[in-house]
Every structure is written in C-alpha cells, then in structure tokens.
Amino acid sequence: MPYLIFIVIAFVYCLPFIFIYEYRGAFKFFPWTPGQPFMVNITGWGIIAMAVFLLWMTHKGFKPFWSFGGISSDYTDSKKGVIREMDFSGARINGKPLLDVTVVYAGNKKVFTSIPSSFHFSFKPGDQVIVRHLPGDLMKADLDVDASIKLKNGEYVDNAEESEGESAFFYVQSVEDKESDDGKECIVTGRVNGGEFDGRQASFSAVVTDVQRVRLNEGKILPVTTQWTSSGLQVNVLSFE
C-alpha cells in the first residue's frame, strides 16, 4: 500500500512540472506583458492555479493517512464527552473502513473523522470518551481513542474537566405541555444515558419554540449535561435539534 501512495503523490506533484515544461515559454511574459496575446499572458497564471489546486486536493485526499491515530501535541486540555452517533465514513486505510464519530462535550458537538474501525467494537452511542483540545478553543480538538479505552476500562487518571456538568444523553419518554407567560413551556420526563447518572429517571421544564415542540416527542434523544444539586439531579439541554 505505501508504494501505491507514493506513486500517486509523485504523479500528482509532477503534473504542474509537465505543464511548465510544455509551456516553458509562458513565464517569459509573467505576470503580464502588454501587447502579448491574452492566452500567452494567462498561461503562467493557469499553471500556478492548477498546481495550487492539485496540492489542495492531495492534502484533502490523503489527510486520513497522516492524521490517522495522531493527536496534536498542542491539544493539552481535555474534556469528557458522550458519543452521539457513529457512522462509517467511506474512507479506508489498509482496506479497513474508518469511522466518523459525533461527540457532545462541554456544550459543543463535533464530528471526529478518520477514527479506526476497531473503535466500533469497543464503544456505542451513549458511552463516555475523552476529547483533547487546544487551550481556549474547544473546537480545535481530537478524540483521544487510547484515553477513551482506558476510561471505559476504569484505568484512566481522571483529570479531564467537565464544564457545567457531565455530558450525557436524555431519552425522552413523555412530554407534558404547560401554560407559560414566556412561551410554550413543557415538562419533559425521561432517562439519562451515559455518565455518572446513567439509567436515572429525571424530569425538567423547558421553554421551546413551536418548531422545537413539534420535534420534541417520545423517543427523542437530546444531548444534555447532568449534575447533582441540592434539589436533586439537574438536567441541562444542550440542543433541541
């Protein structure tokens, strides 16, 4: 497989030089020479544009190979998150498919790409994982597969922060509408999935728009954070979408 990758990359990067050789006289009039035909003046710019495009396409196409399994050393902070979805991306490495994993963490939702397919056998939606991110920027982040496996096995040294409660999911079992001056208020009852309060029944009130209320039905899965307060288990909805 590596030799095939090398051949493809070499071919792609040689294309601009082939064009330059074929039109080696084009740069004689670069960037623009008055009096020369339009096609003569534009050829040099066309070669540069094609080279940039090919470089970008190569970077995009081979990104899974150089990002596979690696986490930037700049991502020194970590958060606990909860898996919302897992789907096969269509990309492959050594014949094995890669995953796109959607994780909710610290009030954010992000799809992590190029995750090894073996992750699918160890985790499922609702499981906790570790997300490492750039200090001060939660969206510049990677899913730490090794740390997540340790967390699942009870071997992880718990230094990951949990902002405003622990990330989890809430499976809606019933919704009761109430009159409210603030808008359409409802009491939502269901079960917490994931985190410290996994399996606990809970209820919370929420003011929603008409569109959100239409979508808020039995069986709906909501990303939430949970924390214990003096009044009991508190559930905070991150998104009604």
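Here are some pairs, Lys79/Lys110; Lys79/Lys150; Lys96/Lys140; Lys109/Lys178; Lys79/Lys152; which of them have Cα atoms lying more than 19 Å apart in this structure?
Working: Lys79/Lys110 13 Å; Lys79/Lys150 14 Å; Lys96/Lys140 26 Å; Lys109/Lys178 30 Å; Lys79/Lys152 15 Å.
Pairs exceeding the cut-off: Lys96/Lys140; Lys109/Lys178.
Hey, what did region 77-152 get for relative contact order, percent, Cα under 8 Å, at least 6 apart? Walk me through the numbers before you get to the answer.
Working: 153 pairs, mean separation 23.6, N = 76.
Normalised by residue count, the contact order of region 77-152 is 31 percent.
Just to verify a number: FRET efficiency for Val207 and Asp100, C-beta to C-beta distance, R0 = 35 Å, to 0.05?
On the way: r = 33 Å, r/R0 = 0.94.
Efficiency for this residue pair is about 0.60.
Rounded to the nearest 0.05, what FRET efficiency do Phe38 and Trp228 give with R0 = 51 Å and r taken as the Cβ-Cβ distance? Could you check?
On the way: r = 72 Å, r/R0 = 1.42.
Result of the calculation: an efficiency of 0.10.
Apply 1/(1 + (r/R0)^6) to the Cβ-Cβ distance of Val214 and Phe88, taking R0 = 35 Å, and write down the FRET efficiency to the nearest 0.05. Each step should come with its number before you reach the end.
Values: r = 31 Å, r/R0 = 0.89.
Calculated transfer efficiency: 0.65.
A short reminder: the numbers here are calculations on the coordinates, not readings from a lab. Given the structure is predicted, the values throughout are model-derived calculations rather than measurements. FYI the Cβ positions are ideal-geometry reconstructions off the backbone, even for glycines, and counts take in every protein chain you see.
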